[in-house]
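Asks: Let me give you the structure first, and then I'll get to my questions.
Each value in this text was obtained by applying a stated rule to the coordinates, not by laboratory testing. The model shown is predicted, which means the values in this text are computed figures rather than measured ones. Here Cβ is always computed from backbone atoms with ideal geometry, including for glycine, and neighbour counts include all displayed protein chains.
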Amino acid sequence: MMGGKVLEYEAKTIRNEALNEGRLEGKEEGRLEGKEEGRLEGREEERENGIMVLVSTLKEMNVPVQTILEKVQEKYSLTLDVAKKYV
């Protein structure tokens, strides 16, 4: 009968080290993916803000709605339906 000690043997040590290494790699990969997602979301928010600023400015200048739609479509490569949502 063995005492209360857990036996540590080479295979178990290797396995535990591999698990720890895998966890660390997984965490790092998750961080990198999270950063990239954040960058993409930030770019999209900035793009939307730019569209809204352009539309607002053109409206303040009393530019006709049709011209605003054309400019927004041209500058941001939007379809007419998407551009209409901003106007």
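Asks: Give region 61-87 a look and list any residue that's aliphatic (A, V, I, L, M) and surrounded by 10 or more Cβ atoms within 10 Å (Cβ to Cβ), or say none.
Replies: Within region 61-87, VAL63, VAL65, ILE68, LEU69, VAL72, LEU78, LEU80, VAL82, ALA83, VAL87 qualify.
Asks: Condition check: in contact with a helix residue (DSSP H, G or I) (Cβ under 8 Å, 6 or more places away or on another chain), in a loop (DSSP other than H, G, I, E, B) and either at negative phi or surrounded by 10 or more Cβ atoms within 10 Å (Cβ to Cβ) (or both). Does LEU58 satisfy that?
Replies: For LEU58, the condition - in contact with a helix residue (DSSP H, G or I) (Cβ under 8 Å, 6 or more places away or on another chain), in a loop (DSSP other than H, G, I, E, B) and either at negative phi or surrounded by 10 or more Cβ atoms within 10 Å (Cβ to Cβ) (or both) - is not met.
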